[in-house]
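Novice: Let me give you the structure first, and then I'll get to my questions.
The values are calculated or read from the model by the stated rules, or taken from the named source; none is laboratory data. All of these numbers come straight from a predicted model, not from anything done at the bench. Counting neighbours? That spans all protein chains shown, and the Cβs are built from the backbone with ideal geometry, glycine included. Areas reflect the complete protein model, heavy atoms only, side chains present, ligands, DNA and RNA absent. Shrake-Rupley method; radii C 1.70, N 1.55, O 1.52, S 1.80 Å.
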Amino acid sequence: MSLRSFHVVFVVASIALTLMMAVWGGINYGTDRGSVWHLVTSVGSVITGGVLAVYAVKFVRKTRELGLS
């Protein structure tokens with residue numbers, strides 16, 4: 001596995017973890033024990049996942065442009 005492939009897999013795994021964190025925060029916010037911090041965690045995780053997705057697309061495009069496989 002090349003360093004590029006490892007990097008893409010790592011970023012995709014990070015995106016998955018941020019989305020799981022967002023779901024967890026949303027579920028906890030909807031319970032009796034939920035607080036505003038659960039909502040903040042959810043929103044922050046969604047934003048982070050979006051930023052990571054944009055980064056992954058730009059990274060793949062850039063490495064293709066440079067001819068790295």
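For every residue, the table says whether it meets (1) at pLDDT 95 or above; (2) among the small types (G, A, S); (3) open to solvent by less than 90 Å² (accessible area, probe 1.4 Å).
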{"site": "V9", "(1), (2), (3)": "yes, no, yes"}
{"site": "L17", "(1), (2), (3)": "yes, no, no"}
{"site": "A22", "(1), (2), (3)": "yes, yes, yes"}
{"site": "T31", "(1), (2), (3)": "no, no, yes"}
{"site": "H38", "(1), (2), (3)": "yes, no, yes"}
{"site": "G50", "(1), (2), (3)": "yes, yes, yes"}
{"site": "L66", "(1), (2), (3)": "no, no, no"}
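Novice: Kindly evaluate K62 against the criterion of being among the charged types (D, E, K, R), within 16 Å of the chain's Cα centre (by Cα) and open to solvent by 100 Å² or more (accessible area, probe 1.4 Å).
Specialist: no
Novice: Right, another one. Of the conditions (1) among the aliphatic types (A, V, I, L, M); (2) modelled with pLDDT of 95 or more; (3) open to solvent by 60 Å² or more (accessible area, probe 1.4 Å), A13 clears all except one; give me its number.
Specialist: Condition not satisfied by A13: (3).
Each row is one residue, and each column tells you yes or no for (1) in a helix (DSSP H, G or I); (2) in contact (Cβ under 8 Å) with a residue 12 or more places away in the chain; (3) not aromatic (F, W, Y).
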site	(1), (2), (3)
A13	yes, no, yes
L17	yes, no, yes
R33	no, no, yes
A56	yes, yes, yes
R61	yes, no, yes
S69	no, yes, yes
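Novice: For A56, are the conditions met, namely being at pLDDT 95 or above, within 29 Å of S2 (Cβ to Cβ), touching a helix residue (DSSP H, G or I) at 6+ places or on another chain (Cβ under 9 Å) and open to solvent by less than 80 Å² (accessible area, probe 1.4 Å)?
Specialist: yes
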